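All remarks here apply to the structure that follows.
The values are calculated or read from the model by the stated rules, or taken from the named source; none is laboratory data. In this text the structure is predicted, and so the values were computed from the model without any measurement. Using ideal geometry, Cβ is built from the backbone for each residue, glycine included, and neighbour counts are taken over all protein chains shown. With ligands, DNA and RNA removed, areas are computed over all heavy atoms of the protein, side chains included. Shrake-Rupley method; radii C 1.70, N 1.55, O 1.52, S 1.80 Å.
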Amino acid sequence: LVQQRIDSMWVQEDAPIAGGMQFGLNNRAVSLLGSHTQRITEHTQQPMTGPSIQQQPASLTKRHKTRPAAFASVSLGGGQQPSSSSAGAKVPLFMIASAAEAKKQDSKAQATQPPAWRVAVGNLAAGAVSGCSVEAALYPIDTIKTRLQAMIGGGGIKALLEAGGGKGLYAGVWGNLAGTAPASAIFISVYEPVKKAVEASVSGDQHYLGAVFAGMAAGTASSLVRVPTEVIKQRLQTKEFGTAVGAVRSVFAREGVKGLYAGYGAFMLRDLPFDAIEFFVYEQLKIALVDHNKRELHPFETSAIGAIAGGFTGIVTTPLDVLKTRLMTQGAAGRYANIMDAATKILKEEGAAAFLQGWQPRLIWISLGGLVFFPVLEASKRAFAPKPLTV
């Protein structure tokens, strides 16, 4: 539009005018037009050529007085009269209109951004759906893993099955889902904004720090719900209690609030590095695959890199998971005083191999968990994301 206006203005400027009168742009207008200065010749303060207006016939004089200007303009001189050597700066109205339109477009773009609370609600819903999907689908494998790790002295899957440990694999699943939903919702609602904030504060080659710090921050925030949920779930999986409500009442009555947060230190020792490593590996694999394919990932590709990230993280954090399970399932008897005491006793009484108890089902469980969790998470984020506002 600006180019068309300037082209039109240039043609009008070069058009012959009766009596030889010329008109033009002053220096201020030329500077505002920027890159078009080479096309515009300044004529401000040039002497008039040809016969004066007073010498023109009345018909010509009248025509010059009523002839419209090449373009409408406003003075920037603040209302002061220009001196004999310089006139007040004049800006074409079409430039002012263009600037006003650009400002209007910027305001409209800002107005179409969804409110922060709506984005948070979308993240909460996406986290709850993805977390519950994994727990519901893979709960039996998690139950077998927990029972293996809780067996003092080991024995493996064969001994577990002989002792009847293969029954009731969905024990406590509803109580677990009731805690998983808010815990996962909190996790994702913290992870996404923290990740964006960290990435915005570092250089491009350090964006990987976003996933690391976001995973740790999200794990810390959600631990307030995840730890009591994990305690009750594992007590139900080991058949200490029959129902989630009965387990909560009994643990609270016998052990107090401290009992609901048994093994909190071991949980954080396991989950903070777990969350940081898993999401870091996932994000890096995702970036590499997107760059390689030059497109967004298909769901099966997201599942594949999620399984790889989960399986790798599950293996390297198995010893920490064993410590967490022992502390959470020891009950009021208090076999272990703390993390260090548990690690020392397990190493002394059962050997180093005890720290890898349950690694097979854990590997399967975490790998399948990543395979299910990440594509469901990505789909849920798209489904629950706020739609752009229309103005």
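Atom-type composition of the exposed protein surface of the stretch 255-324 places 73 percent of the accessible area on carbon and sulfur (1.4 angstrom probe).
If you filter the stretch 263-295 for trypsin sites (Lys or Arg not before Pro), then keep DSSP loop positions with at most 13 other Cβ within 10 Å, what is left?
Details: sites: Arg270, Lys286, Lys294, Arg295; in loops: Lys294, Arg295.
When the trypsin sites (Lys or Arg not before Pro) of the stretch 263-295 are filtered for loop state and at most 13 Cβ neighbours within 10 Å, Lys294, Arg295 remain.
Coupling constants for the stretch 191-197 follow from the phi torsions by the Karplus curve (6.51 cos²θ - 1.76 cosθ + 1.60, θ = phi - 60°), and in residue order they are 4, 4, x, 5, 4, 5, 5 Hz; glycine and proline get x. Estimated at 0.36 nm per residue, the fully extended path between Ile308 and Gln113 surpasses their Cα-Cα distance by 66.7 nm.
Taking all protein chains into account, the per residue accessible area for the stretch 207-305 stands at 47 Å² (1.4 Å probe).
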